[in-house]
Amino acid sequence: MNLLEVRSISKTYGSGEAAVEALKNVSFTVPKGEFVAVVGESGSGKSTLLNMIGALDTPTSGKVFIDGKDTFAMKEKNLTIFRRRNIGFIFQSFNLIPELTVEQNIIFPVLLDYQKPDKRYLEELLTVLNLQDRRNYLPSQLSGGQQQRVAIGRALITRPALILADEPTGNLDTQNSSEVISLLKEASKKYEQTIIMITHNRAISASADRVLQVSDGVLTDFGRCRE
């Protein structure tokens with residue numbers, strides 16, 4: 001079953017002679033639980049594609065279906081709720097709240113949705129992320145790798161069907177990058193979550209189940225990396 005379907009997405013910024021085609025008729029599907037890497041040079045359109053999938057930007061034409069639901073057909077309020085409950089975001093810059101502890105940062109999306117955190121699941125995530133002894137630390141007291149693990153925990157805490165990761169290893173050294181990718185792969189398998197990860201690093205992309213490339217707004221599917 002396909003968790004994600006991107007259907008003929010195009011995005012044009014500007015108009016007339018100043019028009020820039022960021023995406024050109026992009027279509028692909030991703031089954032549930034697959035870990036997909038999207039590669040491409042800076043300005044190729046890969047971040048624009050991620051924003052369309054996450055409903056953070058609106059396409060000029062085309063549709064995106066997540067778990068069979070047409071995201072751009074939703075009213076803004078319903079889309080906000082759907083996005084919060086069904087999509088987890090991991091950014092290169094971590095985007096943690098400085099005044100909140102590790103545990104508070106992780107459970108923040110649940111509280112934002114006026115829900116109670118699942119304490120057992122929280123403990124499981126802290127264990128998987130190796131953050132048990134850092135749960136009461138502030139972001140400023142953590143290394144870059146630890147901060148990114150907190151960001152991954154925050155993305156996982158709502159048990160979203162889809163995780164969107166934008167250069168999640170961009171600010172990390174080689175060892176921490178490997179750990180982050182391993183955690184994402186483990187999340188994909190253990191929690192059956194679909195992961196779309198943007199990266200410019202070809203070595204990191206080889207860890208994914210499948211690689212897509214965006215070049216000048218055009219998508220090429222290189223297929224599965226491994227069986």
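List of remarks:
- Among the candidates Asp209, Asp173, Asp216, Asp221, residue that is in contact with a Leu (Cβ under 6 Å, 6 or more places away or on another chain) and farther than 19 Å from Phe89 by Cα: Asp221
- Applying the criterion of being among the polar types (S, T, N, Q) and at pLDDT below 85 to the residues of the range 181-204, the residue that is surrounded by the fewest Cβ atoms within 10 Å (Cβ to Cβ) is Asn201.
- Among the conditions (1) among the polar types (S, T, N, Q); (2) assigned to a loop (DSSP other than H, G, I, E, B); (3) at pLDDT below 85, the only one that Ser207 does not satisfy is (3).
- Screening Val110 on (1) more than 18 Å from the chain's Cα centre (by Cα); (2) farther than 21 Å from Ile181 by Cβ; (3) part of a helix (DSSP H, G or I); (4) not hydroxyl-bearing (Ser, Thr, Tyr) shows it passes everything except condition (1).
- Count of the range 43-95 residues which are part of a loop (DSSP other than H, G, I, E, B) and within 15 Å of the chain's Cα centre (by Cα): 8
- Given (1) more than 16 Å from the chain's Cα centre (by Cα); (2) modelled with pLDDT of 85 or more; (3) not in a strand (DSSP E or B), number of the condition Gln175 does not satisfy: (2)
- Test result for Ile53, of a type in the set (Val, Ile, Thr), at pLDDT 95 or above and touching a strand residue (DSSP E or B) at 6+ places or on another chain (Cβ under 7 Å): yes
- Residue among Arg149, Arg210, Arg154, Arg134 that is surrounded by 19 or more Cβ atoms within 10 Å (Cβ to Cβ) and under 20 Å from Thr29 (Cα atoms): Arg210
- Yes/no for Tyr137 being in a loop (DSSP other than H, G, I, E, B) and without any contact (Cβ under 8 Å) to a residue 24 or more places away in the chain: no
- Lone qualifier among Leu96, Leu100 - being free of Cβ contacts under 8 Å to residues at least 60 places away in the same chain, farther than 26 Å from Asp209 by Cβ and crowded, with 20+ Cβ neighbours inside 10 Å: Leu96
- Some residue of the range 146-168 being assigned to a helix (DSSP H, G or I), among the acidic types (Asp, Glu) and more than 21 Å from Glu5 (Cα to Cα): no
The values are calculated or read from the model by the stated rules, or taken from the named source; none is laboratory data. Please read these numbers as outputs of a predicted model, since none were measured by experiment. Every residue, glycine as well, gets a Cβ built from its backbone with ideal geometry; the counts of neighbours run over all protein chains shown.
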